[in-house]
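Below is one structure, written out as structure tokens; comments come after it.
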């Protein structure tokens with residue numbers, strides 16, 4: 001290999017190649033460096049004819065030189081075949097900047113078309129074979145999806161998640177929902193998880209109508225709008241769902257309370273009433289706790305009318321409903337170590 005100063009007019013830039021994109025700040029830094037230190041890193045080309053050279057790496061630097069009014073560039077001239085030129089271009093550009101995924105995908109396809117297998121491509125660019133296979137599927141997608149990938153509206157992560165549906169109709173519906181509803185990758189992942197679950201449930205139930213009708217955008221919007229509580233398993237608005245850090249004991253307690261008392265809102269009210277009653281009862285000096293616990297243990301299960309405990313003089317008696325009585329009994333048994 002040798003370095004020569006080439007005219008920009010002698011350099012041909014192939015259409016299908018990986019391109020790195022740079023911010024305005026990065027452009028300004030590179031221009032300042034060229035003005036101060038000169039062009040220190042030559043571009044890479046391969047010779048096509050006597051005065052024709054195909055660019056392998058350095059398009060961004062060429063563009064900056066043109067903007068700066070320069071017409072010469074130092075270049076390393078290498079003897080490369082199509083395969084090695086493509087692979088070097090990909091390797092050089094995946095190491096810096098942010099790549100347009102379709103440029104990378106099309107360059108990978110060019111290399112694959114020359115006989116390079118996925119293992120060789122993966123080794124050349126420092127990615128896994130599954131990454132390479134994913135990118136090799138992108139050029140086969142409909143044009144509007146490829147344009148969306150170029151524009152950054154659609155990301156490769158979207159495509160990767162959608163492909164978990166393993167059906168062209170389902171994949172298309174999922175990607176259409178991404179474009180229509182402006183989903184990020186995380187939202188699409190949730191949709192795919194839910195869609196896979198819905199399909200499994202429909203298969204188990206023999207629901208042919210559900211399975212034969214492709215999902216609509218309206219359906220997709222509703223799927224991601226709601227989620228299931230991990231404790232009570234109700235379907236609620238996802239905006240109302242939280243994911244706090246919780247230990248196994250606390251989660252078991254929550255699930256047990258829900259199982260015993262049903263609806264979480266009603267359960268909360270019952271617990272509040274029972275705890276409030278507990279604190280009031282313990283403040284009543286005339287009440288003997290063992291006697292009352294014994295009374296509660298003997299209380300029939302079908303009690304429907306409120307029970308009154310004694311209260312301080314001048315105050316109305318405390319009213320205890322069947323549910324309050326049940327919870328008070330549980331609280332006292334827990335505190336006494338019986339359960």
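Just so you know, all these numbers are worked out from the coordinates, no wet-lab data involved. Everything numeric here is computed off the predicted structure, so don't read it as measured data. As a convention, Cβ positions derive from the backbone with ideal geometry for all residues, glycine included, and neighbour counts pool all protein chains shown.
Relative contact order for segment 156-216: 36 percent, from Cα pairs under 8 Å spaced at least 6 residues apart, divided by residue count. The slack between residue 129 and residue 21, meaning 0.36 nm per residue of separation minus the straight C-alpha distance, is 36.4 nm. The slack in the chain from residue 64 to residue 48, taken as 0.36 nm per residue of separation less the alpha-carbon distance, amounts to 3.4 nm. The length gained on full extension between residue 169 and residue 37, counted as 0.36 nm times the residue separation minus their Cα-Cα distance, comes to 41.9 nm.
Between residue 276 and residue 235, the FRET efficiency estimated from the beta carbon spacing at R0 = 41 angstrom works out to 0.85. For segment 1-73 and segment 248-267, compute the distance between their C-alpha centroids and round to whole Å. Using only Cα atoms to place each centre, the spacing works out to 67 Å.
With both labels modelled 7 Å from their Cα along Cα-to-Cβ, the residue 147 to residue 180 distance reads 1.8 nm.
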